[in-house]
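Encoded as structure tokens, the structure appears first; notes follow it.
No lab work stands behind these numbers, since they all come straight from the coordinates. Keep in mind that this is a model prediction, so the values were computed, not measured. Reconstructed Cβ throughout: ideal geometry from the backbone, glycine too, with neighbour counts over all protein chains shown.
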Amino acid sequence: MGQLPAGLYDPLVAASQAYFTAALADGRAVAWVAESVDGARAIVGGAVLQLRELLPRPLPGGDRLLRGPQGLILNVFTERPWRRRGVAAALMRELLEWCRSNGIESLVLHASDEGRPLYEKLGFTATNEMRYTGEPLRR
């Protein structure tokens, strides 16, 4: 989302390829791609769901515990010529259906300003999450 210094592009690609090769194979991540319908058979969008194990926790405002992994939605993207044509919405509907079918009860994501209206339409709401930006934790 526009926050990658140029010098980190190649290391990020290499680290991401290594992670996804392992995580897609062992089920820690699931991915969807959207293909063009114009005969070119080009990938025009994608979305990733990273599954992360969390402690059982109370359902917000509920009377039961959430169990199982939490889905972290990552890298929802549509190529520019295909934006505003329902690609991201279709990817997200597929992702949500997969979560329903696989017992994933908790989903989170970090939305860009451009993506926020879609996520709100799909039922996502802003939370009180904070990010640590103090002294580096890794030396």
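Data for the structure
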{"quantity": "Descending semi-axes in whole angstrom, ellipsoid equivalent of segment 58-123, from the Cα gyration tensor", "calculated": "26, 13, 10"}
{"quantity": "Residues 48, 37, sorted so that the one with the fewest Cβ neighbours within 10 Å comes first", "calculated": "37, 48"}
{"quantity": "Part-to-part distance (alpha-carbon centres) for segment 106-139 and segment 19-88, which is given in Å", "calculated": "14"}
{"quantity": "Shape category assigned to segment 12-69 from the gyration tensor of Cα positions, a/c cut at 1.5", "calculated": "oblate"}
{"quantity": "Evaluated at q = 0.09, 0.22 Å⁻¹: base-10 log I(q)/I(0), Debye formula over Cα of segment 1-125", "calculated": "-0.30, -1.44"}
{"quantity": "Dipole of the chain, positive direction: furthest Cα of 90, 62, 27, with charges on the beta-carbon", "calculated": "62"}
{"quantity": "Residue-averaged [θ]222 nm for the chain, counting only DSSP H segments that reach four residues, each worth -39500 (n - 2.57)", "calculated": "-9000 deg cm²/dmol"}
{"quantity": "Sum of side-chain charges, residue 48 neighbourhood, beta-carbon under 15 Å (Lys, Arg +1; Asp, Glu -1)", "calculated": "0"}
{"quantity": "Sequence of 100, 83 once ranked by neighbouring C-beta atoms within 10 Å, starting from the fewest", "calculated": "100, 83"}
{"quantity": "Net charge dipole size for the chain [Lys, Arg +1 and Asp, Glu -1 on Cβ; Debye, nearest 20]", "calculated": "120"}
{"quantity": "Around residue 67: net Lys/Arg minus Asp/Glu count, Cβ-Cβ under 15 Å", "calculated": "0"}
{"quantity": "Fewest-first sequence of 119, 9 by Cβ atoms within 10 Å of each Cβ", "calculated": "9, 119"}
